[in-house]
Amino acid sequence: MTDTTRDILASLGVTTDHSGAFDGTWIQTSGQRLETLNPSTGEVLGSVVMATPAEYERVVKSSVAAFDEWRTWTAPGRGEIVRQLGDALREHKEALGKLVSLEVGKIYSEGLGEVQEMIDMADLAVGMSRQLYGKTMHSERPQHRMYEQWMPLGPVGIITAFNFPVAVWAWNAMVAAVCGDSMVWKPSPEAPLCSIAVTRIAQRVLEANGAPAIFNLAIGTVEEVGEPMVVDSRFPLISATGSVPMGRRVGSLVAQRMGRSLLELGGNNGIVVMDDADLDLTLRGVVFAAAGTAGQRCTTLRRLFLQKGIAAEMKQRLVQAFPSIKVGDPLEEGTLIGPLINQTAVDNMQQAIATAQEQGGTLLCGGEVLDRPGNFVTPAVIDAPQKLPITCEETFAPILYVTEFETLEEAIELHNAVPQGLSSAIFTLNLRHAEVFLSNTGSDCGIANVNIGTSGAEIGGAFGGEKETGGGREAGSDSWKAYMRRQTCTINWGTDLPLAQGVEFDV
Ligand code: UN1
């Protein structure tokens, strides 16, 4: 470990063998030791002692107690705590951004971007704390008033993935906090240090304000923390980000106990490029969306559809551009692609490329594993004749499948013919083509863009997707409603008791 790494960890209060459970205090955990590796070097970055089932229980109990108090705070009062949390994140932006780079291998600019996304979420949630609006409606009964109000829901279980180790917690946590909920965070085992650093920042803000411990943490195995949390009725909402198989299990277990789940699962995102597109713009959009973050975003571009007239030129531009993208140390200036998260991800990428070739695809460039420590690969472009089965699967690595088409209708059909439905885009300068793509019979995804790549969404909109992506919506717009319970209230301020639907019941 270098001195700089040591300094970053120390400045965030992350020590070796750190406790993996926080219930308002850092519990003396006694579970298995979890080592976290730097994917750029393969070296051990730190270690955490995970929570046992008994320690998980302590965290949940504390969360239930914190909720009982927190829900009595006013929403703008809760917003003030979130405002201060945003400020605390501003102070630690560089260190936390670097920790993201060290632990999950994102380039520094993207590490900083993650922390910025947390800050943006805090700002948005502060505003929301004064805008948790319910509707009023006209009653059919005279001298009656009717309205809906939104109440705190309860402790929320938050399960996050390695690829957005801090921002996705913030999507949930900032909103849940202003809504009056407490929460327990189960982070990815690939990114425990990020979760500890964030929880420590939140701890200071809560303590300085005498606020209840609403931001709790339980790092543990699927068996000892993950599953117990999902089946635990004390969590009216489980918000989970991760793979489709994980979401299928979470969704069904939560449904069995009549809980609510908010699922943000795999994407298999496509871009349609029309003959009339601005190809310079398209190339930039495609390269960032496909190769950025080493292909490890749920919004990563995986399928590119090129109209026949520009297909040859675009392919040529892609095979020139991809090999020139600098792969290497994510903290080194100029690097655009860091490592994959682990050796399994490298193996999965190799396997997917081999399968694509067996199914009739042609590797146009990239796909090499670099001969150096760390999990480095070069981004691959594969020429995929229509309907290659592998293109229906999400491989969490930088592989771009390119397919040609003749008409926009054909492109939309190909585009929608996968089980996932997260993000999508069209590149065109023709208004009609853009509107067809955005129409009821166009893209079937939760996100649809024009002349913008599939990744890098802003937090102001609702984020999530359809089909196997899970249907959940997080972050902006009215996503806050998932974190609250709705109550319809009718008040009779008259002297009579008229019944709805004209029912008569005179005694
Ligand atoms: C994810 O990969 O889980 O739109 C989330 C984006 C980011 C969020 C990605 N703002 O690419």
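Only the coordinates and a few stated rules stand behind these numbers; no lab work does. In this text, all values refer to a predicted model and were calculated from it rather than measured experimentally. All Cβ positions, glycine included, derive from the backbone under ideal geometry; neighbour counts span all protein chains shown.
Here are a few things to note about the model shown:
- C-alpha center-to-center spacing [segment 311-330, segment 1-59] in angstrom: 38 Å
- Net charge over other residues, Cβ less than 11 angstrom from the Cβ of residue 13 (K, R count +1; D, E count -1): +2
- Cα gyration tensor shape for segment 182-283, rounded if a/c is under 1.5, else prolate or oblate: oblate
- Our summary gives the chain a relative contact order of 17 percent, counting only alpha carbon pairs under 8 angstrom and 6 or more residues apart.
- Under-5 Å amide H pairs with residue 262, H placed in peptide plane, nonlocal only: 238, 239, 240
- Ordered by the number of other Cβ atoms lying within 10 Å of each residue's own Cβ, fewest first, 104, 48, 14, 319 fall into the sequence 319, 14, 48, 104.
- Extension gain (nm, one decimal) between residue 143 and residue 481, 0.36 nm per residue minus Cα-Cα: 118.7 nm
- 10 °C / 1.306 mPa s Stokes-Einstein diffusion coefficient of the chain, Kirkwood radius on C-alpha pairs, µm²/s: 66 µm²/s
- Above-threshold pairs, the threshold being 28 Å between Cα atoms, out of 106/481; 315/387; 61/481; 315/467; 387/467; 98/186: 106/481; 315/467
- Here segment 122-193 and segment 221-298 have alpha carbon centers that stand 19 Å from each other.
- Cross-link partners of residue 326 among aspartates and glutamates (Cα-Cα below 17 Å; sequence separation of 8 or more within a chain): 110, 368, 371
- Estimated translational diffusion coefficient (Stokes-Einstein, Kirkwood radius over Cα pairs, 10 °C, 1.306 mPa s) of segment 372-422: 124 µm² per second.
- Estimated inter-spin distance, residue 35 and residue 209, nm [label 7 Å along Cα→Cβ]: 4.0 nm
- Cα gyration tensor shape of segment 74-224, rounded if a/c is under 1.5, else prolate or oblate by comparing a/b with b/c: prolate
- Shape call, segment 306-384: gyration tensor on alpha carbons, a/c limit 1.5: oblate
- Residue 1-residue 324 FRET efficiency (beta carbon distance; Förster radius 45 Å; 0.05 resolution): 0.90
- Average Cα contact separation per residue, segment 265-373, under 8 Å, 6 or more apart, as relative contact order %: 23 percent
- Annotation: Cα Rg of segment 1-121 relative to the compact-globule expectation 2.2 N^0.38 Å equals 1.23.
- Among the GluC sites (Glu not before Pro) in segment 427-504, those placed in a DSSP loop whose Cβ has at most 14 other Cβ atoms within 10 Å are 458, 504.
- Cut-off under 5 Å, modelled amide H: who pairs with residue 37 long-range: 45
- Projected label distance in nm at residue 151 and residue 489, using a 7 Å step from Cα toward the beta-carbon: 1.0 nm
- Estimated distance in nm for a label pair at residue 25 and residue 438, the labels positioned 7 Å out from Cα along Cα-to-Cβ: 5.6 nm
- Computed P(r) (all Cα pairs; segment 269-458; 10 Å bins; percent): 10, 40, 36, 12, 1
- Taking other Cβ atoms within 10 Å as a rough exposure proxy, 381, 49 sort from fewest to most as 49, 381.
- Packing-based ranking, highest mean first, of 391-397, 324-330 given that Cβ atoms within 10 Å are counted: 391-397, 324-330
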